[in-house]
Amino acid sequence: QVQLVESGGGLVQVGGSLRLSCVASGRTISTYVMAWFRQAPGKEREFLAAVSRSGGTTYYPGSAEGRFTISRDNAKNTVYLQMNSLKPEDTAVYYCASSNAGLGSGSGKYDYWGQGTQVTVSS
């Protein structure tokens, strides 16, 4: 079993940047595809990005591409999400998740989830 703990959220102004971290314990994350999702109030959970087990392949099918960058450091058992040029619509709770399956955006593919970290972008 994997325990995931996100950090790095907070209040930031429009146009600012944040770097989220997700530290895993219980198992090495090198055997998992890792991803970031977010959920805004009243909205469905949204997939943002995923990274392959080695870190060599990333996947951004939606709104995150171009402004967000996912990366991982397997030696530190940590996944990151660098977010730049933040907008008020980026306000949400951000979650990391792990999967035994391949890269994909469906939340059902992901087995373990963190508790989330709040990101608020003020205008």
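Quick notes
- Calculated FRET efficiency, Ala101 to Ser122, Cβ-Cβ distance, R0 = 41 Å: about 0.65 to the nearest 0.05.
- Binning the C-alpha pair distances of the stretch 64-123 at 10 Å intervals from 0 yields a P(r) profile of 18, 48, 30, 4 %, listed from the shortest bin outward.
- For peptides 57-70, 32-45, sequence by mean Cβ density within 10 Å, most packed first: 32-45, 57-70
- Rolling a 1.4 angstrom probe over the protein heavy atoms with all chains in place gives the stretch 1-101 an accessible area of 47 Å² per residue.
- Phi angles of the stretch 11-21 translate, via the Karplus equation with coefficients 6.51, -1.76, 1.60 and θ = phi - 60°, into HN-Hα couplings of 9, 9, 7, 3, x, x, 10, 9, 10, 8, 10 Hz per residue; Gly and Pro are given as x.
- Residue-normalised convex hull volume from the C-alpha trace of the stretch 1-43: 116 Å³ per residue.
- If you take the alpha carbon atoms of the chain and fit the smallest convex hull around them, that volume is 89 Å³ per residue.
- Alpha-carbon centroid distance for the pair the stretch 31-49 / the stretch 87-103, whole angstrom: 3 Å
- Label-to-label distance, Ser85 versus Val23, with points set 7 angstrom from Cα along the beta-carbon direction: 3.2 nm.
The values are calculated or read from the model by the stated rules, or taken from the named source; none is laboratory data. Owing to the predicted nature of the structure, the values given are computational and were not obtained by experimental measurement. Positions of Cβ are backbone-derived with ideal geometry, glycine not excepted, and every protein chain shown enters the neighbour counts. In case anyone asks, the SASA skips ligands and DNA or RNA and just uses the protein heavy atoms, side chains included. Shrake-Rupley method; radii C 1.70, N 1.55, O 1.52, S 1.80 Å.
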